[in-house]
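Where a number appears in this text, it was derived from the coordinates with a stated rule and is not lab data. Quick caveat, the model's predicted, so the values are computed rather than measured. Note: ideal-geometry Cβ built from the backbone for every residue, glycine included; neighbour counts use all protein chains shown.
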Amino acid sequence: MATLSFNPTRIPRTPKTKTASFRKPTSRVSFSVQPNASSGRKLAHGFPKLRVSTQEEAGVEEYEEDDPTVEMSYLDPETDPESILEWELDFCSRPMLDIRGKKVWELVVCDESLALQFTKYFPNNAINSITLRDALGSISEDLGVPLPQKIRFFRSQMQTIITKACRELGIKPIPSKRCLSLQLWLGERYETVYKRHPGFQKGSKPLLALDNPFPIDLPENLYGDKWAFVQLPFSAIREEIASMDTRFMFGSSLDLDLLGIAVDDETLIPGLSVASSRAKPLAAWMNGLEVCAVESDTSKGCLILSVGVSTRYIYATYNKSPVTTAEAESWEAAKKTCGGLHFLAVQEDLDSDDCVGFWLLLDLPPPPV
């Protein structure tokens, strides 16, 4: 069984901190599993307290930082700043009030590996693209890291502000829910920082909730010829991921170590295989979509493909029957057993052992903020 947690070994140990003043392919369904009753998802709550270190001559003096109003500016000293090419960003209000009784906003920035971590609070009357642009520039200046080539963000409501700020800095903005490190970190901050803030508002709902729009028809260029539910042992998943670096294949992986996903090699991971006579062009188109997750909707007899931040496609359909419904339910149950871990493979033939596109996906619940 898979377990999912935020890997606590990636917490910074020497941060700089400062106190804030605030559808149409059809095919038979051909997969079944006997899922374990347990969900397998265990989101970690409660990092060790943030430790701030200061170098003093021959020794290191450490003390615990226990102030939830403290901001963070950190770069892993063992990481080459030039190697950090992409950032993940969230700019949103938090369930906290400032001294004026107004919502506190926060900018949270990191990279996939969490070598870079930055947080900064803002009053609600300073939320605009200029504020964000300047803050992003300050990260580069303060930490000595170059501005990234790309920044991913997962809130569609902030797209205008984020896009403008990024473009003014020559950064490519990418709306995408594949900001998994960031989302898990936000979940952690909710438990260990926001709840302890003196202005915390218990029961407060996120101001900018994540979109879950009604699914729309799939563009013709994304159609496959056939599809099937499949499963692969995790050992085969690892081999497929490793082959991305040794042969030409579209797709993307996940930093399983960072996400704290522990899966036995023999564990069967559910997936969806799509076959097409034009597999390579199809995989190429898919590669630019920021594929997030695949889910089955048994009430409508279809599969839904989530991409970007607010787009959901009717990716495939099937004739509803007790058998097909049970198969689809089993697939979803297997995905839940694996902590949301699943995959999407594009092949020239369903019986082929080779993929031309492979995406490792994680169906993660939205962060609580």
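Potential lengthening of the chain between LYS150 and THR79 amounts to 23.7 nm, from the contour at 0.36 nm per residue minus the alpha-carbon distance. Please list, by residue number, every one of the GluC sites (Glu not before Pro) in the stretch 257-302 that is coil in DSSP and has at most 14 other beta-carbon atoms within 10 Å. Answer by residue number: GLU266. Averaging sequence separations of C-alpha pairs under 8 Å and six or more residues apart, then dividing by the length of the stretch 149-267, give the relative contact order as a whole percent. Normalised by residue count, the contact order of the stretch 149-267 is 23 percent.
With the cut-off at 18 Å, tell me which of the pairs LYS103/LYS205; LYS150/LYS177; LYS120/LYS202; LYS102/LYS205 have Cα atoms farther apart than that. Pairs exceeding the cut-off: LYS120/LYS202.
The residue list PRO173, LEU97, GLY144 was ranked by how far each Cα lies along the charge dipole of the stretch 84-210 toward its positive end, using unit charges on Cβ atoms, and LEU97 comes out on top. For the stretch 118-125, putting each phi into the Karplus relation 6.51 cos²θ - 1.76 cosθ + 1.60 with θ = phi - 60° gives couplings of 8, 9, 7, 8, 9, x, 5, 8 Hz, in residue order, rounded to whole numbers and with x for Gly and Pro. For ALA293, the residues 5 or more places off, or on other chains, whose built amide H falls under 5 Å of its own are SER306. Residue by residue, the stretch 361-367 carries 3J(HN,Hα) couplings of 10, 9, 7, 9, x, x, x Hz when phi is fed to the Karplus relation 6.51 cos²θ - 1.76 cosθ + 1.60 (θ = phi - 60°); x denotes Gly or Pro. For the pair ASP255 and SER140, a Förster radius of 25 Å applied to the C-beta separation gives a FRET efficiency near 0.60, rounded to the nearest 0.05. Annotation: amide H of GLY199 within the under-5 Å range of LEU97, sequence separation 5 or more or interchain, hydrogens built in the peptide plane.
Here the stretch 216-362 is treated with +1 on each Lys and Arg Cβ and -1 on each Asp and Glu Cβ, and its dipole about the Cα centre works out to around 480 debye. Considering only PHE343, CYS355, GLY288, whose Cα is most displaced toward the positive end of the charge dipole of the stretch 270-369, charges sitting on Cβ of Lys, Arg (+1) and Asp, Glu (-1)? Among PHE343, CYS355, GLY288, the one farthest towards the positive end of the dipole of the stretch 270-369 is GLY288.
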